Structures are given as C-alpha cells and as structure tokens.
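Single-structure report; data block below.
Each reported figure results from applying straightforward, stated rules to the coordinates on display, with no laboratory input. Keep in mind it's a predicted model, so treat the numbers as computed, not measured. We place every Cβ from the backbone using ideal geometry, glycine too, and count neighbours over all the protein chains shown.
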Amino acid sequence: MPDLKEEIELFTDEVISIRRNVHMNPEIGFQEFKTSSLIKDYLNEIGLEVHSNIAKTGVVGILHGKDPSRTVLLRADMDALPIEELNEISYKSRNPGVMHACGHDGHVAMLLVAAKVLARHRDKLKGNVKFVFQPSEERDPGGAIEMIEEGVLEKPHVDYAFGMHLGNMFEKGSIALKEGVFMAEADSFKINIDGNGGHAAYPHLSVDPIVIASNIVLSLQTVVSREINPIEPVVVTVGKISSGDAFNVIPERAELLGTVRTLDRKISEVIPGKIERIIKNIASAYRGSAELEYKFGYPPLINQAEGTKFVKRIAELIVGKEHILEAPISMGGEDMAYFLQKVPGAFFWLGSMNKERGLDKPLHSQYFDFDESVLPIGVEFHVKAALEIFNK
Ligand SMILES: [Zn+2]
Ligand SMILES: [Zn+2]
C-alpha cells in the first residue's frame, strides 16, 4: 500500500493532462460552460454528490465524512482572461483572444485530482469535503459572492475554507503565505470625459478630451502621492484609455478605465471623492466635463491565524519547513476574500517558477506558463488538508 505522496504521484500525468486540456479551452468568467461540464462529468464519474449551475457555471462536489456536522471547503477558480496567448506550446489556447494566464487551469486540475484521491480514502474522512469550482474570479462582482448568496456555505454548513494560487514570483515547490491582511481590495472606476470635437487644425474651436484625459491620468497619481498617508499602501492605475478615430480629428469624448487597490476599506471609501474632485476641476479648467463611476470591488483578503497555522502545518508535511515562505502582501485582489470573510481558513501561493525553463513570467502576462511539476504538490495539499483538518 503506497503512502499518499506516492499514490498522488501516480496521478501526475492525469493532473497535467487535465490542466492542458483546460488550458487549450479557456473560457472567460460566467461563460465556463465546457470547463464546467468537464468538472461535472469528472466528479460524477468518481462518485461524488454533484451540484451544478451554481452562480451560473459553478460546480460543487461533496464527499461525505463520518461526522456530517463538520465540513471543509476547498476552492478552485476556473475562469480565463480576455487576452491572446503568445506562448508557442503544444497546449496553446485554441480560443483566440482568451487565455488561462492566471493559472486557474492548474487550480481546476489540482482540485479534481484531489477529489479523486480523496474519494478513494473516503472512509478516513472525519468530516465532509466540499469541492468548490468557482466561476469568474477575474471579473467583478465575481463568482464567489454569487456562490455564497446561492448557499454554498450551507447544507452542509462550512466550518473552514482553503484555497491556493499558483504564482511565478516564488520558486517551484514553495508555499508562501502570511497571516492577516494578505491581498488588497480591488476597486474599479470609469471616467467619462466630454469635450467638443472638431478639426485637428483648429483646436481653439474645439474642447479636446484627449488633452483633458492626459492631464487626468497624470494628476490621479497625486491621490496616492499627495493625499494619502504614505504609510498606507494604495495604488491608482489607469489601465485603459479610449478616444478618437483619426489623426486629424479632435474627438468628442474620452474614456478612462482604472483600478484602485487598498488594504483597508476605510481608505477605499475616501478615494472616490478625491478622484471626483480632481477630474471635475481638471475638466472644467480645460472647458470640458468629466463624470466618475466608481465600483467597490473584492474586499481585502484576510488570512485568519488558526487557518494560516494549519496551512503551514500541512505544508511542512509536504514541502518541508525550508520551503515555507512568509509572503509579502499582494496588491492583487482575490474574491476568495468573500469566503474568508464568512468562515475561518486561509489562502496561499504555491510557487511555480522555474527560471531555467523560462517559466518565470508574471500572472496575466501573455507569456504566462508555470512549472507543472508543482501540480502534485497542490493535490497533496488538498488531500492532506481534508484528511487532517478535523484531527485535533
Ligand atoms: Zn488573475
Ligand atoms: Zn487568479
């Protein structure tokens, strides 16, 4: 009878092949129809209780343990990003303009294989395991909050929740996390600028929204640098500028899209007022006008103390103490935060960088890919966490 690590290693090819299959067929948030049916079929095949169409495309598998009153939730997100893959690999995205550039393909594969392994050991489970395949992590409002609203934390009631994220900022095979605030609140905004279009050669007869937009982009940086206490981490980024169609025309309008990241809702709450004051005054200084639409996004992700300790204890069994790292706070947002607002648990990075093989591109890069040899480590974490969580 092989031990768990050896048993999981037998599934290495399978976890890689699921990952590549999902990678080749990426789908964006709430449209993960193929991914969802692949997950559903797999969970049915291994004999789990399966619930689908939760938050549109979400799937939940349940394995029942000896004690029906205790449940641990293991979560994988499953959506891709609306970007074009530039990797030249055999398992390159076959869906133009859509790419798994955030490792969610790996998350799905690891949790599916963990479910399969745990199904073989269901007699050893003290409590229930809920395998949660969540849609739309990348797009606000996200699948987590919808799944919670549709009751994913009840029937059976969830006591703990754990999730992981692949990341090339850490060496392959390391596990990195931090107690307390771990990831940022991720808000988004849209600024509509109205000018008055005309001929590019007669600017005095127009109000140029591109000049207004350019000034706004630069001035928005002073929200962070001049208006927020420098000991508070805040990011304001304009990620998209749209305006104009021709080189010799002053357009009517410009639109800016951006994001604000903070570690504290109290800070986030003062930001829209500051942005609004700056954009309205700049626009009117240049004879135009500007309107702000601001949307509060995922809350900061907070790793609770007991959950963080538990992750470290399980990680030590798998990768050894020397590969457990104290992760810095990430200004990225994660809607796993909603689960951790409701139940204790933790979220962590599974390092997947392999510099020699060129697998060191950041998440969301068109060249993102990760070292697949870490997938069995993630599987082992899920399996051991589920077996150990109710072993006091
Ligand atoms: Zn992402
Ligand atoms: Zn992600």
Degrees between helix 104-120 axis and first principal axis of the chain (Cα, 0 to 90, nearest 10): 20 degrees
Qualifying GluC sites (Glu not before Pro) for region 1-94 [loop in DSSP, other Cβ within 10 Å: at most 16]: E84, E88
Simple label model, 7 Å out from Cα along Cβ direction - S242 to E326, nm: 4.5 nm
Calculated P(r) of region 246-347 - Cα pairs past 24 Å, %: 49 percent
Region 269-339: trypsin sites (Lys or Arg not before Pro) falling in loop per DSSP and having at most 14 other Cβ within 10 Å: R287
Contour excess over end-to-end distance, with Cα ends at V181 and S37 and 0.36 nm allotted per residue: 48.4 nm
Nearest-0.05 FRET efficiency for L257 and L205, computed from C-beta distance (R0 41 Å): 0.90
Qualifying GluC sites (Glu not before Pro) for region 111-191 [loop in DSSP, other Cβ within 10 Å: at most 15]: E154
Options P233, F30, F11, ranked by Cα towards positive dipole end of the chain, top entry (Cβ charges): P233
Span from the region 197-227 Cα centroid across to the region 156-176 one, whole angstrom: 43 Å
Neighbourhood net charge (12 Å Cβ-Cβ; Lys/Arg +1, Asp/Glu -1) for L359: -2
Cα Rg over Rh - region 185-298, Kirkwood: 1.03
In region 185-298, lysine pairs with alpha-carbon atoms under 17 angstrom apart (chain gap of 8 or more, or interchain): 8
Cα-projected label distance for E232 with L317, points at 7 Å along beta-carbon direction, nm: 4.2 nm
Simple label model, 7 Å out from Cα along Cβ direction - R265 to S373, nm: 4.4 nm
Calculated FRET efficiency for the pair N95/L10, C-beta based, R₀ 35 Å, to 0.05: 0.70
Partner lysines for K40 [C-alpha distance under 18 Å; skip if fewer than 8 residues away on the same chain]: K56, K116, K130
Computed over region 102-207, Kirkwood Rh from alpha-carbon pairs, angstrom: 18.7 Å
Choice from I302, I145, I250 with maximal GNM fluctuation in the chain (Cα, 10 Å cutoff): I250
Point-charge dipole on Cβ atoms (K/R +1, D/E -1) for region 1-159, about Cα centre, debye to 20: 460 debye
Per-selection Rg to Rh, the chain - Cα, Kirkwood hydrodynamic radius: 1.04
